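What follows is one structure encoded as structure tokens, with my remarks underneath.
Every number in this text was worked out from the coordinates using simple rules, so none of it is lab data. These figures come from a predicted structure and were not determined experimentally. Using ideal geometry, Cβ is built from the backbone for each residue, glycine included, and neighbour counts are taken over all protein chains shown.
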Amino acid sequence: DGDLNVIGSQLRIKETEASALNALLGQGSTIQLAASQDVNISADLDQHTRDDDYRYQSKNAVGKRESWGNNSEQTTTAVASLVSGDNVAIQAGRDLSIQGSQVASTLDLDLLAGRDVHIGGVGEQDSKTSEDHQRGSGMFQSDMGVTFGKQSSDATRDQDTQRVAGSLVGSSAGNVTVYAGRDIGVQASDLIAGGDLSVSGRNVLIEAAAETQHYAETQKQKQSGLSIGLG
């Protein structure tokens with residue numbers, strides 16, 4: 001158990017440093033971070049990509065079939081930084097920024113900036129793309145009869161989802177104070193206090209962030225040859 005006092009001109013904390021900091025302090029700690037200029041606490045982005053190709057072929061006495069395509073997926077996920085202690089005080093001479101991260105205390109929590117405080121989120125994204133192609137020649141059977149010739153079909157699908165992983169700033173049993181000499185902006189994030197919550201600045205803006213989704217699909221089919229009706 002112990003206290004941590006960090007003073008510098010600029011402080012930038014990412015997820016890995018925040019994890020090490022909390023492991024070092026354990027429980028029952030006081031955290032004081034101060035910079036004469038800026039303090040930035042931000043999340044890391046974890047990216048995963050998957051890309052699969054496929055191809056199938058078949059041939060028999062009445063025709064030939066071939067299918068091929070691709071399925072790809074890309075995911076970007078925020079990995080939040082966490083700064084926590086019994087008491088937490090963070091002070092910036094200029095700007096204080098918390099992006100997609102968590103700053104939490106059991107007792108009092110103070111965020112102070114000479115200029116601006118920005119508490120917001122980082123973008124996450126899920127993208128999926130698929131292509132499917134089919135070609136065939138020979139005899140084809142349908143409800144209308146039998147066709148001797150060629151068939152082809154092509155399909156594409158694109159799906160994209162974008163969202164914001166917000167920040168959490170709060171105290172379970174104490175007071176939370178957010179002060180800025182100029183502006184305070186809170187976007188897609190939560191401010192929680194077990195006691196009193198005070199947010200003070202020249203201008204205070206609190207807003208949500210919407211999730212956006214996009215989906216597009218195309219299909220093309222073609223058939224040529226001689227058709228013979230049955231019945």
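Under 1.5 on a/c is rounded, so check that first for segment 183-231, then, if it is not, pick prolate when a/b is larger than b/c and oblate when it is not; a ≥ b ≥ c are the square roots of the alpha carbon gyration tensor eigenvalues.
Numbers: a/c = 11.90, a/b = 4.76, b/c = 2.50.
It comes out prolate by the Cα gyration axes.
With the convex hull drawn over the C-alpha atoms of the chain, the volume per residue is 174 Å³. Taking packing as the residue-averaged number of other Cβ atoms within 10 angstrom, the listed peptides 118-127, 165-174 run from highest to lowest as 165-174, 118-127. The amide H of Ala188, built 1.01 Å from its N in the peptide plane, has Glu207, Ala208, Ala209 as neighbours under 5 Å, considering only residues 5 or more places off or on other chains. Each listed q (0.16 Å⁻¹) maps to a log10 I(q)/I(0) for segment 152-228 from the Debye sum over equal C-alpha point scatterers, namely -0.76. When the chain is treated as a Gaussian network with alpha carbon springs shorter than 10 Å, the biggest mean-square fluctuation among Thr212, Thr106, Thr147 belongs to Thr147.
For the peptides 179-190, 41-52, 78-89, what is the packing order when you average, over each peptide's residues, the other Cβ atoms within 10 Å and list the highest mean first? It would help to have the intermediate numbers written out before the result.
Numbers: 179-190: 18.5, 41-52: 14.6, 78-89: 20.7.
So the peptides 179-190, 41-52, 78-89, ranked by packing, come out 78-89, 179-190, 41-52.
The charge dipole of segment 28-228, taken about its Cα centre with unit charges on the Cβ atoms of Lys, Arg (+1), Asp and Glu (-1) only, comes to about 1060 debye.
Where Lys and Arg each count +1 and Asp and Glu each count -1, what net charge lies around Ala89 among other residues with Cβ under 9 Å from its Cβ? Around Ala89, the charge tally is -2. Using the Karplus relation 6.51 cos²θ - 1.76 cosθ + 1.60 with θ = phi - 60°, the per-residue 3J(HN,Hα) values for segment 197-205 come to 10, 10, 10, 9, x, 4, 10, 10, 10 Hz, with x marking Gly and Pro. Converting phi to 3J(HN,Hα) with the Karplus coefficients 6.51, -1.76 and 1.60 and the offset θ = phi - 60°, segment 145-161 yields x, 10, 10, 10, x, 10, 9, 8, 8, 9, 9, 10, 9, 10, 10, 9, 10 Hz in sequence order, with x at every glycine or proline. Only one residue of Gly195, Thr75, Ser172 has its Cα farthest out toward the positive end of the dipole of segment 28-228, where Lys and Arg carry +1 and Asp and Glu -1 on Cβ, and that residue is Thr75. From helices alone, the chain scores -1500 deg cm²/dmol at 222 nm; the rule is -39500 (n - 2.57) for each run of n ≥ 4 DSSP H residues, then divide by the residue total. Once the Cα atoms are used to define both axes, helix 15-25 deviates from the longest principal axis of the chain by about 40 degrees. Each residue of segment 67-77 was assigned a 3J(HN,Hα) from its phi angle through the Karplus curve 6.51 cos²θ - 1.76 cosθ + 1.60 (θ = phi - 60°); the sequence is 10, 8, x, 8, 10, 10, 8, 10, 10, 10, 10 Hz, with glycine and proline shown as x. Under 5 Å between amide hydrogens, built in the peptide plane, is the criterion, and for Glu124 it picks out Arg163, Val164, Ala165 among residues at least 5 positions away or on other chains.
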